[in-house]
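Working notes, structure below.
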Amino acid sequence: MKKFWGLVLSALLSLTLAPLTSAHAASDPHGPRLIYGAPLRHALTSCASNPGNAIACIESVTMTSSSDATPVGGRITSMQIPTDERYANSERPITAPESSTLPATINIPVLSIYAPEGCHGIGTIQTLQIRIGNTWTDLKKEPASSTFTDSNCPTNMRYAGFNFSEAEGTALLASDNIKNSAAYGDLSALNKASANKIEVSSANLRFRIADPNGAWEWFSTEKLLLSWSQVGTPQVIEVTLPEANRGYFEEWTFPKNGKADSTNNIAVIAEFQPYKATWCWSETICNDRREEFLLAIRPTTTPGLWEESQAASFTITMRAAKSFQFGEVSGSAQRVVVKYGKDLPPVNGQATREIIATFSPIATARGGTPTEMAVKATMITHDANIWIYGQNNGIVDGLGVCGKIGGVQVVSNAMHSLDPSWNAETESIEVRLSTPHLRPDGSVNVGYLEIRMPREAAMCMWKVDLDGNLKASVNITYDDGSSPSVATVVGQRIGNDYLIVSSGFHYSSPKLAIKLSNSASTDQTPTAPEATPVVAKTKTVCVKGKTIKNIAPSAKCPVGYAKKVVKA
């Protein structure tokens, strides 16, 4: 059964986040590119297993089934989900082979035989002949070509002559035709080592030049020149492509009441791309400023595990180098919190600390291709993925100077999102989301956006203090000029962050501009985007007698429960 779900999981990952299978990796340029001497993108495993002794690894994974439940610590199972061969098990660079240090060219002996008289057109037939007794014997015959060059002849004309490779020349001079000829005495004086030059009488060695159609012929009458020379030749080096020690992802399980329980087993798809590791979108478009973590979760043993409810949350605690400072978080998830944890002992000479990421699955309508979004979704997934971008990732540059403070987190239920950018003119963070307009059943796909703003970033962008009275606004526009559907905006301070949640807008490609401002009122009730009516906040519940369960709007109620929409 476990093997079956491993295959199912691999198929699912190929449709969503996972890298290509190894069969396609070599031919598809999209993804990590292995370069000698550069750090590698690698899969994160438990720090307890960590086959590559990587600095970045997973310290723990905990699951909290609902907001009032006790967190349950997970442990890894025996299942290993392989990446493709470009994803390593460590960030350590691949050492270049010694062959790459060989000289670019080497000197190779070449035997030249030519007649320094008369220039002949390229394409005429030239034959090197030797006299044995009273008979002329052909040694080599082929059309005159530009491979035998001489600067004394006009363009498209050459002396009669041949160049022989070391093997060809050695074999020619050792042949019976040479040994039995009158020219043998002269030819035996040739020495490869001294690169000397000799002359041979045309009475014993000559060139015959003839028209290709046999209309005429010409014979050399002056002495032929023969010499060995050293020719610099580009060295043919067998190119050894870099190969990484292939990584893998792990499955985590969460015991129930102290006993093994595979119901909530998940695959943790975790990757880290260090600064200066190369990522490519095509053969020629690559970037080594993709410093980032990817964290994603997928159920492995229970299909549709989070279809009815996405109340569960997962906390992944990672070990990371202290040199990694996250600047922004994006993804498809909800209730996301990413923060630093405690300092940890050095690893491989580098200071380390914890990065703690908590997030919950979300229903995401999917359909179309990477280049063309479908109007109607073909499926809805119930899972979660987030990218934690480091300060050395070019994506963070979009938030401007204030983005360098770090900690801005933007997640949604969209398939794709254009990474947030700072609009200095409107003093707002702009986010463009993209996902099908309709759900698979034809109903309108309702949007959800969640932004967490640290105190320091809010002060830098809007000169507001989280301790004051604040107003959060979200302005929604569409490329087609349509008006946003009824949407709500809720803002609240949580610790040292300000959380903004906007929902109720429609897809497929809205642009949302988020802004914080001082408010004279202490009223923190939901406010609507510009030119958008305010509606009462509601929630969806399942009712059975006196028992009430909160569920997501798109979720189904358990058997025996009635689904209702009530005021929040």
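The values are calculated or read from the model by the stated rules, or taken from the named source; none is laboratory data. These numbers come from a predicted model, not from an experiment. Every residue, glycine among them, receives a Cβ derived from its backbone with ideal geometry; neighbour counts consider all protein chains shown.
Which strands (runs of 3 or more DSSP E) does region 177-219 wholly contain that include 1 or more residues that are in contact with an Asp or Glu (Cβ under 7 Å, 6 or more places away or on another chain), among the β-branched types (Val, Ile, Thr) and more than 17 Å from residue 119 (Cα to Cα)?
On the way: elements: 197-200, 205-210, 217-219.
Correct list: 197-200.
Test residue 354 against the stated conditions and say whether it is over 27 Å from residue 298 (Cβ atoms), assigned to a strand (DSSP E or B) and more than 23 Å from the chain's Cα centre (by Cα). Walk me through how you get there before you give the answer.
On the way: over 27 Å from residue 298 (Cβ atoms): no; assigned to a strand (DSSP E or B): yes; more than 23 Å from the chain's Cα centre (by Cα): yes.
No; evaluated as a whole, the condition is false for this residue.
Test residue 66 against the stated conditions and say whether it is over 24 Å from residue 353 (Cβ atoms), surrounded by fewer than 17 Cβ atoms within 10 Å (Cβ to Cβ) and more than 20 Å from the chain's Cα centre (by Cα).
On the way: over 24 Å from residue 353 (Cβ atoms): yes; surrounded by fewer than 17 Cβ atoms within 10 Å (Cβ to Cβ): yes; more than 20 Å from the chain's Cα centre (by Cα): yes.
Spelling it out, residue 66 is indeed over 24 Å from residue 353 (Cβ atoms), surrounded by fewer than 17 Cβ atoms within 10 Å (Cβ to Cβ) and more than 20 Å from the chain's Cα centre (by Cα).
Listed here are the residues, each with its yes/no results for (1) part of a strand (DSSP E or B); (2) closer than 30 Å to residue 440 by Cβ; (3) aromatic (Phe, Trp, Tyr); (4) in contact (Cβ under 8 Å) with a residue 12 or more places away in the chain.
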position	(1), (2), (3), (4)
342	yes, no, no, yes
389	yes, no, yes, yes
392	yes, no, no, yes
397	no, no, no, no
400	no, no, no, yes
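For region 485-518: of the residues being part of a loop (DSSP other than H, G, I, E, B) and under 35 Å from the mean Cα position of the chain (by Cα), which is farthest from residue 375 (Cα to Cα)?
Residues of region 485-518 that are part of a loop (DSSP other than H, G, I, E, B), as a first pass: 485-487, 495-496, 507-509.
Subsequent filtering for residues that are under 35 Å from the mean Cα position of the chain (by Cα) retains 496, 507-509.
Details: 496: 40, 507: 9, 508: 7, 509: 11 Å.
Filtering region 485-518 for residues that are part of a loop (DSSP other than H, G, I, E, B) and under 35 Å from the mean Cα position of the chain (by Cα), the one farthest from residue 375 (Cα to Cα) comes out as 496.
Quick check: anything in region 219-227 without any contact (Cβ under 8 Å) to a residue 60 or more places away in the chain and closer than 30 Å to residue 125 by Cα? Talk me through it step by step, then tell me what you get.
Kept after step one, since they are without any contact (Cβ under 8 Å) to a residue 60 or more places away in the chain, are these residues of region 219-227: 219, 223.
Next, from what is left, pick out any that are closer than 30 Å to residue 125 by Cα: 219, 223.
Within region 219-227, one or more residues are without any contact (Cβ under 8 Å) to a residue 60 or more places away in the chain and closer than 30 Å to residue 125 by Cα.
In region 399-411, is there at least one residue being aliphatic (A, V, I, L, M) and at pLDDT below 90?
To start, the set of residues in region 399-411 that are aliphatic (A, V, I, L, M) comprises 399, 401, 405, 408, 410-411.
From the residues that got through so far, the ones that are at pLDDT below 90 too are none.
No.
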For this session: Could you tell me whether any residue of region 297-320 is closer than 18 Å to residue 447 by Cβ, over 26 Å from the mean Cα position of the chain (by Cα), among the aliphatic types (A, V, I, L, M) and assigned to a loop (DSSP other than H, G, I, E, B)?
Result: no
For this session: Given the conditions (1) in contact with a Pro (Cβ under 9 Å, 6 or more places away or on another chain); (2) closer than 28 Å to residue 563 by Cα; (3) surrounded by 21 or more Cβ atoms within 10 Å (Cβ to Cβ), report the number of the one that residue 298 does not fulfil.
Result: (1)
For this session: Would you check which residues across region 313-340 are touching a strand residue (DSSP E or B) at 6+ places or on another chain (Cβ under 6 Å) and small (Gly, Ala, Ser) and list them?
Result: 313, 320, 321, 327, 330, 331, 332, 333
